[in-house]
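The values are calculated or read from the model by the stated rules, or taken from the named source; none is laboratory data. None of the values given here were measured: they were computed from a predicted structure. FYI the Cβ positions are ideal-geometry reconstructions off the backbone, even for glycines, and counts take in every protein chain you see.
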Amino acid sequence: MKASAFNYARATSVLNALELLVAHGEKAKVLSGGQSLMPALNLRLIYPELVVDIGGLAELRGIAVADNVLTIGALTRHVDLARSPEIAAHAPLLTEAIAHVAHPAIRNRGTIGGSLAHADPASELPACMLALDATIVVRGQAGERRIPAGDFFTGIYETALSAQEILIAVELPIAQRNSVHFFYEFARRHGDYALTGLAAQATVAGGAFTGLRMAYFAVGDRPLLARAAEPLLNAIVTPALLSEASKALAEELDPQDDQQASASMRRHLAKVLMVRCVSALLGRPDLNAGGAV
């Protein structure tokens with residue numbers, strides 16, 4: 001199947017792109033890396049009258065560190081994130097997660113902004129943004145908005161981004177001393193969409209967590225922080241406490257059945273990942289060996 005007919009415009013600047021979006025409204029779609037948009041066009045899941053190509057806008061590329069903030073331009077490709085020494089030093093969770101995003105051909109073209117704006121609930125990067133407490137920077141003709149990642153993802157393929165705005169950057173607080181991270185996903189094959197996945201970030205002091213953030217993906221209509229379980233684990237973790245947190249997690253998740261996995265399977269895998277995460281980050285193999293789930 002091929003895409004329905006559409007007009008094409010190659011934006012010369014962010015301002016030019018915004019002018020086109022304002023003029024065409026819901027009938028326009030933004031093209032960055034194209035790894036999500038092009039399949040949707042070819043399957044005729046969407047029917048835009050105009051595709052606005054922002055792929056040539058150098059101002060939306062690059063990685064910079066200033067004032068304890070790591071800023072990533074929206075058109076920065078996955079492969080650039082994987083190779084960046086700044087990402088490895090200040091947001092190593094991203095370095096690890098990128099290796100699980102699809103396949104090399106996709107990572108060579110896909111962009112961080114495109115992934116976040118697409119908002120696939122089974123995607124790795126939106127969950128990483130929650131775990132890292134990111135701020136999503138979007139721009140419209142009226143100016144910029146900075147949206148906490150927890151408020152940006154609103155549903156399946158839905159975000160707080162309006163049709164007249166462009167996602168231009170991501171801002172991350174740099175990893176602090178004693179910062180630790182965890183990333184793992186269950187998938188049928190490497191590169192497939194995850195059945196269940198977990199991205200986590202925390203600091204460890206005195207054998208206990210402070211500020212633990214566990215963001216799950218592929219267990220709901222958007223990436224989800226384990227808000228009920230996290231407070232229980234910001235203490236000296238015992239097998240009994242971990243079991244209590246597992247029960248709290250199971251109650252707060254509401255996954256759906258589909259052809260890939262049942263809701264009960266996803267809920268079970270989420271609990272397994274939480275135990276593995278806590279055990280690994282604290283260096284406590286006893287927590288994983290004891291069957292806390």
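Among the residues making up the range 210-255, those that are crowded, with 23+ Cβ neighbours inside 10 Å and within 23 Å of Asp286 (Cβ to Cβ) are Leu212, Met214, Ala226, Ala229, Leu233, Leu242, Ala245, Leu249. All told, Glu230 falls short of being more than 26 Å from Ala160 (Cα to Cα) and of a type in the set (D, E, K, R). Taken together, Ala3, Ala9, Ala23 contain a single residue that is assigned to a loop (DSSP other than H, G, I, E, B) and farther than 22 Å from Ala102 by Cα, which is Ala3. The criterion of at least 3 residues that are out of contact with any Phe, Trp or Tyr (no Cβ under 8 Å at 6 or more places or on another chain) and at pLDDT 95 or above is met by the following helices (runs of 4 or more DSSP H) wholly inside the range 225-293: 239-252, 263-282.
Entry remark, the range 83-98: residues being in contact with a Ser or Thr (Cβ under 9 Å, 6 or more places away or on another chain), among the small types (Gly, Ala, Ser) and surrounded by fewer than 18 Cβ atoms within 10 Å (Cβ to Cβ) number 1 in total.
Each residue in the range 37-57 was checked for being in a helix (DSSP H, G or I) and surrounded by 14 or more Cβ atoms within 10 Å (Cβ to Cβ), and 4 pass. Residue count for the range 136-150 under the criterion of being within 12 Å of Ile166 (Cβ to Cβ) and surrounded by fewer than 17 Cβ atoms within 10 Å (Cβ to Cβ): the result is 4. Anything in the range 58-82 that is out of contact with any Pro (no Cβ under 9 Å at 6 or more places or on another chain), surrounded by fewer than 16 Cβ atoms within 10 Å (Cβ to Cβ) and outside any loop (DSSP other than H, G, I, E, B)? List them, or say none. Within the range 58-82, Ala58, Glu59, Ala64, Val65, Ala66 meet the criteria.
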